[in-house]
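S.K.: One structure coming up, written as structure tokens, with questions to follow.
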2 protein chains.
Amino acid sequence: ELSVDEPSAVLKAANVWGALRGKRNSTMEFYSKGRKQTDISDFPRFAHRGILLDSSRHFLPLKVILANLEAMAMNKFNVFHWHIVDDPSFPYMSRTFPDLSQKGAYHPFTHVYTPSDVKMVIEFARMRGIRVIPEFDTPGHTQSWGNGQLNLLTPCYSGSSPSGTFGPVNPILNSSYDFMTQFFKEISTVFPDAYIHLGGDEVDFSCWKSNPDIKKFMVQQGFGTDYSKLESFYIQRLLDIVAATKKGYMVWQEVFDNGVKLKDDTVVEVWIGNKMEEELQNVTGAGFTTILSAPWYLDYISYGQDWQRYYKVEPLNFPGTDAQKKLVIGGEACLWGEYVDATNLTPRLWPRASAVAERLWSDKSVTDVGNAYKRLVQHRCRMVKRGIPAEPLFVGHCRQEYMGL
Amino acid sequence: ELSVDEPSAVLKAANVWGALRGKRNSTMEFYSKGRKQTDISDFPRFAHRGILLDSSRHFLPLKVILANLEAMAMNKFNVFHWHIVDDPSFPYMSRTFPDLSQKGAYHPFTHVYTPSDVKMVIEFARMRGIRVIPEFDTPGHTQSWGNGQLNLLTPCYSGSSPSGTFGPVNPILNSSYDFMTQFFKEISTVFPDAYIHLGGDEVDFSCWKSNPDIKKFMVQQGFGTDYSKLESFYIQRLLDIVAATKKGYMVWQEVFDNGVKLKDDTVVEVWIGNKMEEELQNVTGAGFTTILSAPWYLDYISYGQDWQRYYKVEPLNFPGTDAQKKLVIGGEACLWGEYVDATNLTPRLWPRASAVAERLWSDKSVTDVGNAYKRLVQHRCRMVKRGIPAEPLFVGHCRQEYMGL
């Protein structure tokens with residue numbers, strides 16, 4: 001709550017994060033209007049308002065991440081979902097397993113996040129009221145892990161002999177779980193947030209199916225030919241390992257879909273576009289908290305003002321009880337990195353993500369696209385003025401741009 | 001022709017532009033391969049290899065234009081088609097009519113191209129073997145002209161009285177032609193190239209139709225209700241005015257389609273996507289030289305590697321004689337400015353335009369997309385190394401990027 005009666009202004013908030021956000025609000029409110037007397041009472045509709053950035057498909061230099069944390073703060077996002085490693089590269093420098101980045105990063109010195117880089121990101125974010133939730137996605141999306149950790153990935157077979165390629169994490173070896181135990185013990189101390197994202201999406205079964213040892217294990221366990229049971233077997237053990245570190249976890253929707261037993265406080269991230277209402281209904285019906293990212297995959301680009309599509313999403317528009325709706329704690333705009341690096345990330349993300357930010361902050365009743373356009377144009381100009389190269393929404397210019405006079 | 005036999009190399013070219021391009025080739029060839037002995041004989045398939053940038057919908061700071069001229073040179077483009085003014089703003093500072101930019105630019109001091117800015121662009125381009133062809137598009141796309149030049153635009157009517165809005169250039173007043181005579185006299189001296197682009201696209205007839213004076217004129221001239229005849233009437237007089245300055249002109253395809261009498265050396269630019277083969281057939285069938293931009297509207301964006309689509313175009317794939325094919329002198333990649341300004345122009349243009357560059361330079365037989373991908377990835381890294389933030393084609397990194405070690 002902010003009360004202004006010049007020359008004094010009083011800002012009240014329930015906690016420090018509210019005060020931070022309130023300061024931000026007052027900047028936004030007074031920037032262009034120069035009000036002398038007003039009262040503002042504002043609070044977010046959803047608690048979890050995130051941005052996913054992917055630093056594996058392309059390495060993102062530290063300063064790009066910091067600049068975007070600043071932009072997130074300007075848009076009142078409060079979660080940085082750091083999809084830090086994936087198939088193409090492993091830029092996270094682990095103290096316990098230095099070979100992971102030494103052999104798995106694009107370059108072992110320039111294309112890595114050192115312990116002090118990670119600390120910098122976390123602290124820079126914290127000062128802006130942003131949580132950092134790292135994602136270490138397994139058992140799929142792990143090709144780069146295999147470069148630095150022998151026997152972690154499943155050897156794929158071509159006929160009766162190994163083909164030389166590797167698949168997901170090998171779920172039948174105890175050594176895989178020993179590794180994960182040590183690895184996530186480190187992660188749980190490096191990242192202070194109460195949650196870790198464990199991935200679990202898009203596991204490709206073809207390699208597992210080719211491997212005779214895996215096939216034997218399937219028979220022993222009585223899994224038949226249902227490889228999603230094997231996936232669940234792995235995930236279940238992984239979840240227990242991470243739970244032992246006293247961290248909560250987030251997972252992509254497949255983990256829930258496959259019937260893995262989840263802790264009560266698990267957050268399930270809904271990302272698959274078709275049947276997303278059904279998925280929200282199912283996840284919340286089973287009593288789990290959930291966040292929505294399916295309609296906000298900002299890596300998909302198209303001609304024109306696609307921000308309107310993002311803006312028009314109503315996250316609670318699915319069949320369910322009031323209790324179910326309360327389990328939707330927010331959402332995330334995802335900018336996957338296939339076509340994005342330091343050259344184009346920031347203008348591609350902003351102000352398109354700002355539309356998601358407003359949807360997640362403002363009341364359900366705030367839906368007028370024309371009004372939102374006017375606010376976004378102004379807000380985009382504020383970002384440009386602060387040095388964030390947010391791309392234009394349409395024809396025009398910012399009054400303060402190219403200030404030379 | 002380049003012959004290398006270390007420690008000496010001989011570069012032969014028919015003219016200075018060939019030599020410039022040859023120097024560029026040798027840089028490209030030797031950058032990664034470190035050859036000690038080789039012979040290169042290379043020449044462009046098409047003479048006109050252009051990029052259109054639009055500085056009206058968003059003002060493009062001088063340094064953005066210069067940076068992109070440098071990128072054009074790296075891609076062996078040799079024409080900068082400068083769509084300098086349009087409806088939204090008039091950044092060209094005219095000596096003869098200073099009010100055009102004073103009242104028609106987004107800002108009269110910061111969002112204009114001064115005479116010395118224009119000279120700088122022309123000279124910077126010339127040193128890189130690039131012609132600058134300015135476009136002053138009339139009679140449509142001229143809203144911003146009306147701010148600084150009274151009575152130039154047609155007053156639109158609502159019923160029997162003026163509505164206060166304005167349409168295309170008023171084609172029935174002698175004052176319009178007096179203005180154009182003076183204006184293009186200036187343009188013909190400011191821009192040294194032998195050609196000026198006169199536009200002529202997308203003329204909206206609704207305002208003309210509403211105006212009683214125009215209607216009377218239509219009757220007097222015997223145009224019936226065919227407003228394309230009125231458009232042609234205007235264009236015909238404009239072309240005569242510009243021809244008197246001894247300049248050649250380029251026009252968008254509508255001017256040809258409407259049957260305007262064109263000088264023999266007119267270049268007709270084909271930009272409308274559907275029926276483009278038919279248009280090429282008609283234009284060349286009538287004996288006019290033509291350039292193709294229809295398949296290369298780079299302002300249209302989509303997810304993934306759209307460069308492949310640009311690359312696969314075969315400009316001569318239309319029904320016609322050999323003599324007709326020879327009249328296709330090249331093409332242009334167009335980056336219209338509705339959604340593009342200094343924040344995102346360069347990574348959106350490169351390396352997507354590089355695919356067009358190769359199509360316009362290389363032999364017709366060079367069509368393998370897989371090979372082109374490998375070349376483009378390398379070439380994009382060269383651009384990044386030279387400080388041009390060309391976006392990534394796909395997952396990966398440049399060996400030399402973020403050089404810190």
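The values are calculated or read from the model by the stated rules, or taken from the named source; none is laboratory data. These figures come from a predicted structure and were not determined experimentally. A quick note on method: Cβ atoms are made from the backbone with ideal geometry, for glycine too, and the neighbour counts reach across all protein chains shown. Surface areas here come from the heavy atoms of the whole protein model, side chains and all, with no ligands, DNA or RNA. Shrake-Rupley method; radii C 1.70, N 1.55, O 1.52, S 1.80 Å.
S.K.: On average, how much area does the Cα convex hull of the protein assembly as shown cover when viewed from any direction, in nm²?
M.R.: Mean shadow area of the hull around the Cα atoms is 42.0 nm².
S.K.: If the only charges are +1 at each Lys and Arg Cβ and -1 at each Asp and Glu Cβ, what is the size of the charge dipole of the range B:312-405 around the Cα centre, to the nearest 20 debye?
M.R.: 340 debye
S.K.: Quick one: which bits of the range B:258-305 get at least 50 Å² less accessible when the partner protein chains are in, versus the chain alone, with a 1.4 Å probe?
M.R.: At a threshold of 50 Å² (probe 1.4 Å), the residues of the range B:258-305 that become less exposed are B:ILE301, B:TYR303.
S.K.: Another one. Strictly under 4.7 angstrom between C-beta atoms: which cysteines of chain B have no such partner?
M.R.: Singleton cysteines: B:CYS334.
S.K.: Under a cut-off of 29 Å between alpha-carbon atoms, report the lysines in cross-link reach of B:LYS247, not counting same-chain residues fewer than 8 places apart.
M.R.: Hits, sequence-local ones excluded: B:LYS63, B:LYS76, B:LYS103, B:LYS119, B:LYS185, B:LYS229, B:LYS261, B:LYS263, B:LYS325, B:LYS326.
S.K.: Can you sort B:PHE46, A:PHE205 by solvent-accessible area, 1.4 Å probe, largest first? Could the numbers behind the result be given before it?
M.R.: Values: B:PHE46 10, A:PHE205 50 Å².
Accessible-area ranking of B:PHE46, A:PHE205, largest first: A:PHE205, B:PHE46.
S.K.: May I pose another question? Write down the percent of antiparallel bridges among all DSSP beta bridges whose residues are both part of the range B:45-170, to the nearest 5.
M.R.: Working: 4 of 15 bridges.
Close to 25 percent.
S.K.: I'd like the carbon and sulfur percentage of the solvent accessible area for the range A:356-400, probe radius 1.4 Å, heavy atoms only, ligands and nucleic acids excluded.
M.R.: 52 percent
S.K.: Nm distances between the label at A:GLU6 and the same-position labels in the remaining copies, 7 Å along Cα→Cβ, shortest first?
M.R.: Label-point separations across copies, in nm and ascending: 7.3.
S.K.: I'd like to know which of A:MET72, A:MET93, A:THR114 lies farthest towards the positive end of the charge dipole of the range A:64-129, counting +1 on Cβ of Lys and Arg and -1 on Cβ of Asp and Glu.
M.R.: Of the options given, the answer is A:MET72.
S.K.: Further, regarding this structure: Tell me whether the range A:296-376 comes out rounded, prolate or oblate; compute the Cα gyration tensor, take square roots of the eigenvalues as a ≥ b ≥ c, and use a/c under 1.5 as the rounded threshold.
M.R.: Oblate shape, in that a/c is at least 1.5 and b/c is the bigger or equal ratio.
S.K.: Separate question: Would you work out if chain B is rounded, prolate or oblate? Take a ≥ b ≥ c from the square roots of the eigenvalues of the alpha-carbon gyration tensor; rounded if a/c is under 1.5, else prolate when a/b is larger than b/c, oblate otherwise.
M.R.: prolate
S.K.: Give the residue from B:MET218, B:SER41, B:GLN324 lying farthest towards the positive end of the charge dipole for chain B; charges sit on Cβ (+1 for Lys and Arg, -1 for Asp and Glu) and the dipole is referred to the Cα centre.
M.R.: Selected residue: B:SER41.
S.K.: Which residues among the range B:176-199 fall inside the zone where the amide N is under 17 Å from a point 7 Å beyond the Cα of B:LYS119, along Cα→Cβ?
M.R.: B:186-193
S.K.: Additional query: Specify whether the C-alpha gyration tensor of the range B:67-150 places it in the rounded, prolate or oblate class, a ≥ b ≥ c being the square roots of the eigenvalues: rounded for a/c under 1.5, otherwise prolate if a/b is larger than b/c and oblate if not.
M.R.: prolate
S.K.: Going highest first, how would you order A:115-124, A:325-334, A:349-358, B:12-21 by mean Cβ packing within 10 Å?
M.R.: Values: A:115-124: 15.7, A:325-334: 20.8, A:349-358: 25.0, B:12-21: 13.8.
In decreasing order of mean packing, A:115-124, A:325-334, A:349-358, B:12-21 become A:349-358, A:325-334, A:115-124, B:12-21.
S.K.: Looking only at chain A, where both bridge partners belong to it, what percent of the DSSP beta bridges are antiparallel (to the nearest 5)? Walk me through the numbers before you get to the answer.
M.R.: Details: 12 of 44 bridges.
Once the DSSP bridges in chain A are tallied, antiparallel ones form about 25 percent.
S.K.: Moving to a separate point now. Counting only heavy atoms of protein chains, what accessible area per residue, in Å², does the range B:108-244 have with a probe of 1.4 Å?
M.R.: I get 42 Å² per residue for the range B:108-244.
S.K.: A follow-up question, please. Using alpha carbons only, how many angstrom separate the centre of the range A:96-152 from the centre of the range B:54-117?
M.R.: 45 Å
S.K.: What's the percent breakdown of Cα-Cα distances in the range B:112-192 across 5 Å bins, shortest bin first?
M.R.: 3, 12, 19, 19, 15, 12, 9, 6, 3, 2, 1, 0
S.K.: Right, something else. Hey, if you put +1 on the Cβ of every Lys and Arg and -1 on every Asp and Glu Cβ in chain A, which of A:ILE301, A:LEU198, A:ASN274 ends up farthest toward the positive end of that dipole?
M.R.: Farthest along the dipole direction, towards plus: A:ILE301.
S.K.: Picking from B:GLU135, B:GLU231, B:GLU277, which is most flexible by a Gaussian network model of chain B using Cα springs under 10 Å?
M.R.: B:GLU277
S.K.: With the crude spin-label approximation of a point 7 Å out along Cα→Cβ, what separation in nm comes out for A:VAL190 versus B:LYS209?
M.R.: 6.7 nm
S.K.: Can you give the % of DSSP beta bridges in the protein assembly as shown that are antiparallel, to the nearest 5?
M.R.: Numbers: 25 of 89 bridges.
Of the beta bridges lying entirely in the protein assembly as shown, close to 30 percent run antiparallel.
S.K.: Looking at chain B as a GNM with Cα springs under 10 Å, which of B:THR114, B:THR165, B:THR138 has the largest mean-square fluctuation?
M.R.: Its mean-square fluctuation being the largest, the pick is B:THR165.
S.K.: Rounded to the nearest 100 Å², what is the buried accessible area between B and A, both sides summed, probe 1.4 Å?
M.R.: So the buried area, both faces added, is about 3500 Å².
S.K.: So what is the calculated 222 nm ellipticity per residue for chain A, using -39500 (n - 2.57) for each DSSP H run with n of 4 or more, over all residues, to the nearest 500 deg cm²/dmol?
M.R.: It comes out at -12000 deg cm²/dmol, rounded to the nearest 500.
S.K.: Then there is this: Compute the accessible area of each residue in the range A:360-402 twice, once for its chain alone and once with every protein chain present, using a 1.4 Å probe on heavy atoms, and list those whose area falls by at least 40 Å².
M.R.: A:GLU391, A:PRO392, A:PHE394, A:VAL395, A:GLY396, A:HIS397, A:TYR402
S.K.: Of the accessible area of the range A:1-157, with the probe set at 1.4 angstrom, what percent is carbon plus sulfur?
M.R.: 54 percent
S.K.: I want to verify a result. In a Gaussian network model of chain A, Cα cutoff 10 Å, which of these has the top mean-square fluctuation: A:ILE51, A:ILE40, A:ILE65?
M.R.: A:ILE40
S.K.: Give, ordered by residue number, each residue of the range A:50-75 whose 1.4 Å probe accessible area is reduced by a minimum of 50 Å² on adding the remaining protein chains to the chain alone.
M.R.: Residues meeting the cut-off: A:HIS58.
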